[in-house]
Amino acid sequence: AGTVKNIMDPMRKLTLAALLAASLAACAGPPPPTYNTDAFKGIYNQNSASVPADVPVTVQHPVGIILSDNFEIWFKALKEANEYWGARIPSSLTNTAVIADFDPTFLAGRVLQNLKGHFPEAQEIKDFQSAVASGKKAVVLVDITPQIGQRSPVTNKFDITYYFFDAKMNPVSKLTGHGEHYVPFGSMTGYFQDIVDQALAQLDEKMRTVVR
């Protein structure tokens, strides 16, 4: 929570107008983040690519929720972009559409809301050791794959994947939701919240069919 607040406070200084002007002038922005291709990196000793997709799964309760390291990479990228552009544009200029669209609290909040809609007692936990110690009978590890362009026009894309682990903490299935939105030149928003909601809607539909 403290990390998210630290990101949000200075983020209010951002303006889309300045970002567009910098882009038109071919100014270099901060380097794009590099996300882990293995969702389990640093969390679980197995490659996530080996987990079968869309396999029916029976989830025991209580459920733990683990966010992959890509969430931290995403939060860090927002913070670095804010610091980069915040040092280059007047603090008096603010674009509320950009601030609202890239609110760093939105992504994790919507993911947790979505999962708790299916598993009301679910709790976010740090790792699998915490899952075992707290008596969790299942874990959902959540990973993200952002493809967010730095300039418009662009088609922004976002994948969210749920990896389901059984009571023995073995991965048994994964479900992926996808969202995308074309962003025309000069758009006042990147439609980020829209593509996240698209991905979560797909996951909802799959979970109704696959998860028991």
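The values are calculated or read from the model by the stated rules, or taken from the named source; none is laboratory data. All values derive from a computational prediction rather than experimental measurement. Note that we place each Cβ from the backbone using ideal geometry, even for glycine, and neighbour counts take in every protein chain shown. Note: accessible area is taken over every heavy atom of the protein model, side chains too, but ligands, DNA and RNA are not part of it. Shrake-Rupley method; radii C 1.70, N 1.55, O 1.52, S 1.80 Å.
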**Report entry** Separation of the Asp204 and Lys41 label points, Cα + 7 Å toward Cβ, nm
**Finding:** 3.2
Query raised in the report: Distance in nm between label sites at Met169 and Val55, each 7 Å beyond Cα in the beta-carbon direction?
Result: 1.9
Query raised in the report: Structure shown: which of Lys41/Lys137; Lys137/Lys174; Lys41/Lys79; Lys79/Lys174; Lys41/Lys206 lie over 20 Å apart, alpha-carbon to alpha-carbon?
Result: Lys41/Lys137; Lys41/Lys79; Lys79/Lys174; Lys41/Lys206
Report task. Hey, can you find the accessible area per residue of the stretch 98-212 for me, probe 1.4 Å, expressed in square angstrom? Result -> 45
Query raised in the report: Full extension from Ala87 to Asp194: what is 0.36 nm times the residue separation minus their Cα-Cα distance, to one decimal in nm?
Result: 35.7 nm
Report summary line: Listed by chain and number, the lysines with an alpha carbon less than 16 angstrom from that of Lys136, same-chain partners under 8 positions apart left out, are Lys116, Lys126, Lys168
Query - Whole-Hz couplings from phi, Karplus 6.51/-1.76/1.60, listed for the stretch 161-174; x for Gly and Pro - result: 10, 9, 9, 9, 10, 7, 5, 8, 6, 9, x, 10, 6, 9
Query - Net charge over other residues, Cβ less than 12 angstrom from the Cβ of Ser130 (K, R count +1; D, E count -1) - result: 0
